[in-house]
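The values are calculated or read from the model by the stated rules, or taken from the named source; none is laboratory data. Source: prediction; values computed, not measured. Reconstructed Cβ throughout: ideal geometry from the backbone, glycine too, with neighbour counts over all protein chains shown.
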Amino acid sequence: MPDITAFQAALNEERLDGWLFFDFRRSNAIAHRILGLPEQAFFSRRWMYYVPRVGDPVAIVSAVESHALASLPGRQRIYRTWREYQSIVSETLSGARRVAMEYVPQNANPYCSLVDAGTVELVRGLGPEVVSSANFAQRFEATLTPAQLDSHRRAGEALRQAGDAALAWTRERLLAEDDLTELHVQRRLTELMRTAGLRVEVDELPLVAVNGNAANPHYSPTAERNSPLRHGDLLLLDFSAPLEGPGNVFADYTWMAYLGERTPERIAQVFAVIREARDTGVALLRERFERGARVEGCEVDDAARAVVARAGLGDSFIHRTGHNIGSRVHGNGAHLDNYETHDTRPLLANTCVSMEPGVYLPDEGLGLRTEVDVLLLPDGIEVTGWEQAVVTPLLA
C-alpha cells in the first residue's frame, strides 16, 4: 500500500498541487513500483492515479479494467469513451496549477521521462503546468532501510572474498600453465559468488575481459565468443550481486589485474588517471554531502570526468561515472551522469551509488575501469569495495 501521507508531504515541500501518475500497458515502470502494483497483473488500458496535495487520491480507470487500481486508496472514476476520459481528467485536475508527472523536459533524463508527449499535452491543455517528479520520486524508490544498507555491506564483503579467491585460482592456473579462458574465470567466479550466499542470475554474470575485449565496457564472454588468458594480458573483472533473499541490495565492483610479474608503464599511467578520477568523485561527495549541501549527480560526473580530460583521455571515457544501486543493480535514484544524460537530481541520504570511471582504448587493445560503491548516509559517506591503488601484477 503506498504511503499517501508521505506523497503529500513531498508535494508540500515541492510546492506542487498534485502528483499525477499515468500508465498505458506498463509504460511507466516508476508508477508501478512506487504504487506497489502487482507485477503479475495485466494492464491493457490507460489509467491515471492522482494524489492531490490535500485530500483523497483519485483513480481514473477504464470500464474494461475497472479493477485495475482497486488496491489503491481513494475514489474511483470510471470512463468508457475517450471523451469521458478527458472530461474526468479535467474535473480531477480542476484548480491545480502545478502537477508532477514522470516527465523530464527535452527527455534529458530518460530514466525518469516515461509519460508520452501527447498525455503531457493533454494535461497542459487543461490548465496545469506539468513539472518533473524526478527529484522527489526517488525518495520512494531509491532510499534504503537500515537492513538494506547492511545487506549491501555484507554483499560487498562476500564479493570481495569471491574476487580474491577467483584471482588466486587464476594465478594458480596460469602458473600451472593450464589452458585458461575468460569463460573459465567467469564460471569460477560465479561459483564462488554463489557459494558465498550471493544471488547471481543468468543475465547478471560477472564480466570477465582481457586486453581489447575490456575496451568494450559491457563485454561478457560466451561459449561462442571468449578469449584465452595468457602471460602478459590485462584482466578486468566486473562483478555484482546481492545476498540471497528479497529486497537485498547489490554491491557492484570492478577490479583490474595484470597477468605478469610487473605491470607495464602505460597500463599503470592510465590506471593512475582513473584512480584519481574515482577519488576526486568520492572527495566531492565527502566534502559536499557531509556538510549538508545539495549535490547533483551531474556535478560528480563533471568532477571525475575533468580529471580524465586533463590527462588527454576524455574522449575515451565513454560512459557515466556511476549509477544508483538498490535491489536492482541499476536503481532509479540519481545517477552520476552529465554525459549520457543530464541528471540534475540531488543525491539523497540513505542511497547508494557506484563510482566507476573508465578509459577504453581499442586501438591499443586496452580497457581499464575502477569501481567502488558509496553509501550516502545521514552522518556521512561510506565507501565499500576495494579502492584499488594500482593494477595488481598477479604473477609477482
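Tabulated values for the structure
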{"read-out": "Scope the range 108-136; condition exposed (fewer than 13 other Cβ atoms within 10 Å of the Cβ) and not acidic (D, E); matching residues", "value": "P110, A117, G118, R124, G125"}
{"read-out": "Residue tally, condition in a helix (DSSP H, G or I) and either touching a Pro at 6+ places or on another chain (Cβ under 8 Å) or farther than 29 Å from T145 by Cβ (or both), over the range 298-340", "value": "12"}
{"read-out": "Leading residue by the ranking (nearest to the chain's Cα centre (by Cα)) among those in the range 90-107 that are surrounded by 16 or more Cβ atoms within 10 Å (Cβ to Cβ) and among the small types (G, A, S)", "value": "A100"}
{"read-out": "Count of the range 22-64 residues which are aromatic (F, W, Y), buried (at least 23 other Cβ atoms within 10 Å of the Cβ) and out of contact with any Leu (no Cβ under 7 Å at 6 or more places or on another chain)", "value": "1"}
{"read-out": "Selection within the range 195-244 - out of contact with any Lys or Arg (no Cβ under 8 Å at 6 or more places or on another chain), touching a residue at least 40 places away in the same chain (Cβ under 8 Å), outside any strand (DSSP E or B) and more than 30 Å from A268 (Cα to Cα)", "value": "G197, R199, A223"}
{"read-out": "Out of R305, R291, sole residue that is buried (at least 17 other Cβ atoms within 10 Å of the Cβ) and over 30 Å from R187 (Cα atoms)", "value": "R305"}
{"read-out": "Candidates A68, A117 - the one that is of a type in the set (A, V, I, L, M, F, W, C), modelled with pLDDT under 95 and more than 30 Å from I325 (Cβ to Cβ)", "value": "A68"}
{"read-out": "Residue that is hydroxyl-bearing (S, T, Y), assigned by TED's automatic domain parsing to the domain that holds V300, under 21 Å from V208 (Cα atoms) and over 27 Å from the mean Cα position of the chain (by Cα), where the choices are T222, T263", "value": "T263"}
{"read-out": "Verdict on G247 being part of a loop (DSSP other than H, G, I, E, B), in the same structural domain as V353 (by TED's automatic domain parsing) and surrounded by fewer than 17 Cβ atoms within 10 Å (Cβ to Cβ)", "value": "yes"}
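A quick yes/no check of all residues on (1) surrounded by fewer than 23 Cβ atoms within 10 Å (Cβ to Cβ); (2) out of contact with any strand residue (DSSP E or B) (no Cβ under 7 Å at 6 or more places or on another chain):
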residue	(1), (2)
I325	no, no
P346	yes, no
L366	yes, no
L375	yes, no
W386	yes, no
V390	yes, yes
P393	yes, no
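Conditions (1) in contact with a Gly (Cβ under 6 Å, 6 or more places away or on another chain); (2) among the polar types (S, T, N, Q); (3) closer than 30 Å to D343 by Cα, marked per residue:
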| position | (1), (2), (3) |
| --- | --- |
| D3 | no, no, yes |
| F7 | no, no, yes |
| V61 | no, no, no |
| E65 | no, no, no |
| L72 | no, no, no |
| S87 | no, yes, no |
